[in-house]
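In what follows, a single structure is set out as structure tokens and then discussed.
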Amino acid sequence: MKDQIQIRYTKESTAGSNLSCGGNLSYLDLAPGQTILDLGCGRGRETIEAALAVGPDGLAVGLDLTAAMIEKAELTAAYTAEVQNGQAHVAFVQGDIEALPFADETFDAVISNCVINHARNKQQVYREIYRVLKCRGYFIVSDACTREPLPESVTSDPQAWADCFGGAIPRESYLDSIAAAGFPDLEILKSREYVKNGYDFISLTIRGTKPQIL
């Protein structure tokens, strides 16, 4: 599955298409000096915008599975005046959202746009998000889910997974996987229903906070 995903996004790295299913930056409570993680950063546009918002004492890190996307994001950052002048700090890392290459409690916030549906184990992704968030840190995630389970003919098709389709799971199962990873209180910021390839889909934008452990 991951090979097919990387093939798709290597091609997309030079295209002009919008790869997200929601705009997350408007939901962030960014402050100077914060650290932000962007999962599935793609060409790095939102990562760079987050870096500009947290300023020279902060850091935004973009992670993507596809090397070509990381290269494109780094090139974009290199031509961003504020990054060149040290007014914003940004970094890009190639990695897997199910095994994040970061220390525990590193980030104030995590964002992701239509990426986690690609993962086989959604709960593991959210466990990793929980792990790398600071206490009282939060995530804003936009992702695709379904109203009913997809048939095996779809869920076993690597190309369908790469197309933000085959890996989608029912809404309640998706939300349950987040709660099971340690996020008890979730807020649905936005919800949109649509039909994709003949199946009922739902685009969700979700906020969850890592609780204070007493």
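If you check Arg136, Arg127, Arg171, which single one turns out to be at pLDDT 95 or above and farther than 26 Å from Ala50 by Cβ?
Arg171
Looking at the stretch 150-161, is at least one residue within 30 Å of Glu105 (Cα to Cα), surrounded by 16 or more Cβ atoms within 10 Å (Cβ to Cβ) and out of contact with any helix residue (DSSP H, G or I) (no Cβ under 7 Å at 6 or more places or on another chain)?
From the stretch 150-161, those within 30 Å of Glu105 (Cα to Cα) are none; that's our starting set.
So far as the stretch 150-161 goes, no, none of its residues is within 30 Å of Glu105 (Cα to Cα), surrounded by 16 or more Cβ atoms within 10 Å (Cβ to Cβ) and out of contact with any helix residue (DSSP H, G or I) (no Cβ under 7 Å at 6 or more places or on another chain).
Step by step: first the residues of the stretch 193-214, then only those that are at pLDDT 95 or above and of a type in the set (Lys, Arg), then the one that is surrounded by the fewest Cβ atoms within 10 Å (Cβ to Cβ). Which residue is that?
Looking at the filtered set, the residue picked out is Arg207.
Please list, ordered by residue number, the helices (runs of 4 or more DSSP H) wholly in the stretch 147-213 having 2 or more residues that are touching a Gly at 6+ places or on another chain (Cβ under 8 Å).
Where helices (runs of 4 or more DSSP H) fall fully within the stretch 147-213 and carry at least 2 residues being touching a Gly at 6+ places or on another chain (Cβ under 8 Å), they are 152-155, 158-162.
Residues that are touching a helix residue (DSSP H, G or I) at 6+ places or on another chain (Cβ under 7 Å): find the helices (runs of 4 or more DSSP H) completely inside the stretch 35-117 holding 3 or more of those.
Qualifying helices (runs of 4 or more DSSP H): 45-54, 67-78.
Looking only at the stretch 18-67, which residues are among the acidic types (Asp, Glu) and under 14 Å from the mean Cα position of the chain (by Cα)? Full working, then the answer.
Filtering the stretch 18-67 for residues among the acidic types (Asp, Glu) gives 29, 38, 46, 49, 57, 64.
The answer is Asp38, Glu46, Asp64.
Is at least one residue of the stretch 127-143 assigned to a loop (DSSP other than H, G, I, E, B) and either crowded, with 19+ Cβ neighbours inside 10 Å or out of contact with any Asp or Glu (no Cβ under 7 Å at 6 or more places or on another chain) (or both)? Full working, then the answer.
Residues of the stretch 127-143 assigned to a loop (DSSP other than H, G, I, E, B): none.
There is no residue in the stretch 127-143 that is assigned to a loop (DSSP other than H, G, I, E, B) and either crowded, with 19+ Cβ neighbours inside 10 Å or out of contact with any Asp or Glu (no Cβ under 7 Å at 6 or more places or on another chain) (or both).
The values are calculated or read from the model by the stated rules, or taken from the named source; none is laboratory data. None of the values given here were measured: they were computed from a predicted structure. No Cβ is skipped: glycine too gets one built from the backbone with ideal geometry, and neighbour counts run over all protein chains shown.
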